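Undergrad: Dumping the structure here so I can ask a few things about it.
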Amino acid sequence: MFEYSGWNPYATEEMAAETVKSFCKGYEDPSFYGWAIEHRGELIGTVGAYDYSPENQSIEIGLSIAQENWGKGFATEALACVLAFLRKEDGIAAVHAWCAPENIGSKTAMLRAGMTQTGVESGGLVIGDRTYNKLLFSYPADREPETEETFEGRER
């Protein structure tokens, strides 16, 4: 489930709770971009943007969805909403992301959310004892982001 993630799952419930607390505290910082993904009252993932560069107006985006919710469109919806927020609300022009080529779900979600693959970094992703190529994606500066209304009313 975490084969292609640059982070490992939390070892204890207490570790997860501490992370949630730090996220909540992060909302006081205007450059903090982290959200929970919830469906029918259940936490099913997270999405966030990191490494904001004000001088370049660029940021990196990433997400994680619980395996039992893969293939249901949650990743695409979350990415599209965050892309729209970053572009329309905060005026961030350059949004980047990456994934391993084998991570078909993340690649598909990024493409469906309107991102474009811009390159491949050979051997650029090392997770544990495995090395992968790193597919690079960006959200075109001239692309009009989708809005939340695009996803309202979808049946899950």
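Read-outs: derived from the displayed coordinates by stated rules, not from any lab. Everything numeric here is computed off the predicted structure, so don't read it as measured data. Note that we place each Cβ from the backbone using ideal geometry, even for glycine, and neighbour counts take in every protein chain shown.
Undergrad: Would you work out if segment 6-147 is rounded, prolate or oblate? Take a ≥ b ≥ c from the square roots of the eigenvalues of the alpha-carbon gyration tensor; rounded if a/c is under 1.5, else prolate when a/b is larger than b/c, oblate otherwise.
TA: rounded
Undergrad: Here's a follow-up. Under the rule of at least 5 residues apart or a separate chain, name every residue whose amide H is placed under 5 Å from the amide H of ILE127.
TA: Result for ILE127 returns TYR132.
Undergrad: With a ≥ b ≥ c the root eigenvalues of the C-alpha gyration tensor of segment 34-103, is it rounded (a/c under 1.5), prolate (a/b larger than b/c) or oblate?
TA: Values: a/c = 2.48, a/b = 1.64, b/c = 1.51.
Cα axes put segment 34-103 in the prolate bin.
Undergrad: In what sequence do MET115, MET110 fall when counting other Cβ within 10 Å, fewest first?
TA: MET115, MET110
Undergrad: Starting with the fewest neighbours, write out ARG112, ARG130, ARG87, ARG40 ranked by other beta-carbon atoms found within 10 Å of each beta-carbon. Provide the component values of the computation, followed by the final result.
TA: Values: ARG112 15, ARG130 11, ARG87 18, ARG40 6.
The most exposed by this proxy come first: ARG40, ARG130, ARG112, ARG87.
Undergrad: Now for a different question. Which lysines have a Cα less than 27 Å from the Cα of LYS25, not counting those fewer than 8 places away in the same chain?
TA: LYS88
Undergrad: Karplus couplings for segment 74-85 from phi (6.51 cos²θ - 1.76 cosθ + 1.60, θ = phi - 60°), rounded to Hz, Gly and Pro as x?
TA: 5, 5, 4, 4, 5, 4, 4, 5, 5, 4, 4, 4
Undergrad: From the phi angles alone, apply the Karplus equation (6.51, -1.76, 1.60; θ = phi - 60°) to segment 59-70 and give each ³J(HN,Hα) in whole Hz, x where the residue is Gly or Pro.
TA: Rounded to whole hertz, the list is 8, 9, 10, x, 8, 9, 10, 4, 3, 5, 10, 5.
Undergrad: Then there is this: At a 10 Å Cβ-Cβ cut-off, how would you order ILE37, ILE61, fewest neighbours first?
TA: ILE37, ILE61
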